[in-house]
Every structure is written in structure tokens, then in C-alpha cells.
Amino acid sequence: MMMDLTQGTETQKIARAKKMMLWFAIISLFMMFAGLTSAYLVSSERKDWLTSFQIPSLFLVSTAMILISSITMHLAWTGLSKGNRSSTSLFLGLTLLLGIGFIVCQFLGFQELIAQGYFFTGPASNVTTSFVYLIAVLHILHVVAGLIVLLVVIYNHYKQRYQNGQTLGFELGVTFWHFLDVLWLMLISFFYFV
């Protein structure tokens, strides 16, 4: 039995529409990264492809940070669901710090690449490292978008706008943050194992 999407109150219809738009955006982003990783695979057949290239170790640290941030975001949602404002505030703050830490570690990883002589463009660049830079920077841009969403969620939580079942913005923020986590896990696994 299919659910009729035209049924319900105006608020329920708007909530369904916003959730659907978020899922369309997530699927589009996933497809973009699938295209980039496919191009990476095709390019790995080139004669100038680096076979001994190692992903910066700080990318693993950033991976741990984004994993933990997904846990803290879940704990913030749990705190909100139980009406525990202080717990929600604490875990939202930790998620924000871990998200910033993720980006810092990514840029430190880029410095590690540069110190090894691997550049994004120019005569000292290589197609292998250019792909790594491109994919990581695109993910960082999406994490920045996630941090902006998180700041809006924190502001709205501070203003006590998530009450009486009015948690749509928080739910959308949690979904997007978890997507960023899963996406990075897929990308770092791809870099390490493909």
C-alpha cells in the first residue's frame, strides 16, 4: 500500500518536500563523487600514474574525527529527543569542533603531500595527486556547507526553536552530517584499497 504524498497537514507536506529535496541533493552529490572516482579508476591505467603513492597519514586522523563527529551528532539528536538541552548543546559544540578539526587535518595532509613534492597543478604535479586534491577539496567544501548547517542548528537550538515536535531543521542537519561522514569513509576507503 503506497502512502499518498498529498495527504496530511500543510506542515507535514512541507516537511516531506524538504526531506525529499535533501535526499535528491544527497543522491546528486553521491553521483558526482561516483563520477570522480570512476575517472580516477580510468586514469589509473595511464603510464604516468603513481603506483607507490601513499595517502597522507593525517587523512586517517581526519577520518577518525569525522567518525566521532557523527557519533556526537547522534548524541545531540538523542539529547534533543529526550529534552536534555545541555546535553544537546554539548554534543552540537563537540560536533562543530570535530568538523573544524577534520578540515584542519585535511589541510595539514595537503602540506604533507606538498612536502613530499606532490602538487595539485604545475610542472611538479601528477594526475594521481591532482585527483586526490580535487576529491578531498570537493569533500571539504561540502563539510564547510555542513558546518554552516550545523551553525544554523546550534543557533536555532540556542533560540529554543526545536520544541513540540518542531525538529525538521535539526533532522535535516543530522541527515546531511551523517551523509558527509559516510561519503568520506567511502572516499578514504577507495583511496586506500583501490
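Some observations on this one:
- Inter-part distance where the range 13-86 and the range 91-133 are each reduced to a Cα centre, Å: 15 Å
- Under 28 Å from Lys18, Cα to Cα: lysines that are on another chain or at least 8 residues apart: Lys82, Lys159
- Here the simple spin-label model places points 7 Å from the Cα toward Cβ, and for Ile148 and Ile68 these points are separated by 2.7 nm.
- Viscosity 1.002 mPa s, temperature 20 °C, Stokes-Einstein D of the chain from Kirkwood C-alpha radius, µm²/s: 116 µm²/s
- The range 138-183 shape via C-alpha gyration tensor axes, a/c threshold 1.5: oblate
- Selection from Gln111, Gly169, Ser62, by position along the positive dipole direction of the range 10-193 (Cβ): Gly169
- Taking trypsin sites (Lys or Arg not before Pro) across the range 17-73, the ones in a DSSP loop with at most 14 further Cβ atoms lying within 10 angstrom of their Cβ are Arg46, Lys47.
- Cβ crowding within 10 Å ranks Ile55, Ile27 as Ile27, Ile55, fewest other Cβ atoms first.
- Per-pair calculated FRET efficiency, R0 = 41 Å: Val42 and Met20 via Cβ, rounded to 0.05: 0.80
- The chymotrypsin sites (Phe, Trp or Tyr not before Pro) found in the range 15-68 that occupy coil by DSSP, while having at most 16 further C-beta atoms within 10 Å, are Trp49, Phe53.
- Here the 3J(HN,Hα) profile of the range 163-177, calculated from phi with Karplus coefficients 6.51, -1.76 and 1.60 at θ = phi - 60°, is 9, 6, x, 8, 10, 4, x, 5, 4, 5, x, 4, 4, 5, 5 Hz, Gly and Pro shown as x.
- For the chain, averaging the sequence separation of C-alpha pairs within contact (under 8 Å, six or more residues apart) and dividing by the residue count gives a relative contact order of 25 percent.
- Computed from the Cβ-Cβ distance with R0 of 35 Å, the FRET efficiency linking Thr78 to Ile27 stands at 0.85.
- Modelled spin labels at Gln12 and Ser52, positioned 7 Å past Cα toward Cβ, are 6.4 nm from each other.
- Cβ-Cβ distance of Tyr155 and Phe193, R₀ of 45 Å, FRET efficiency by 1/(1 + (r/R0)^6): the value works out to about 0.70.
Taken together, the values in this text are just the output of simple stated rules run on the coordinates, not laboratory data. Since this is a predicted model, take the numbers as computed values, not measurements. Every residue, glycine among them, receives a Cβ derived from its backbone with ideal geometry; neighbour counts consider all protein chains shown.
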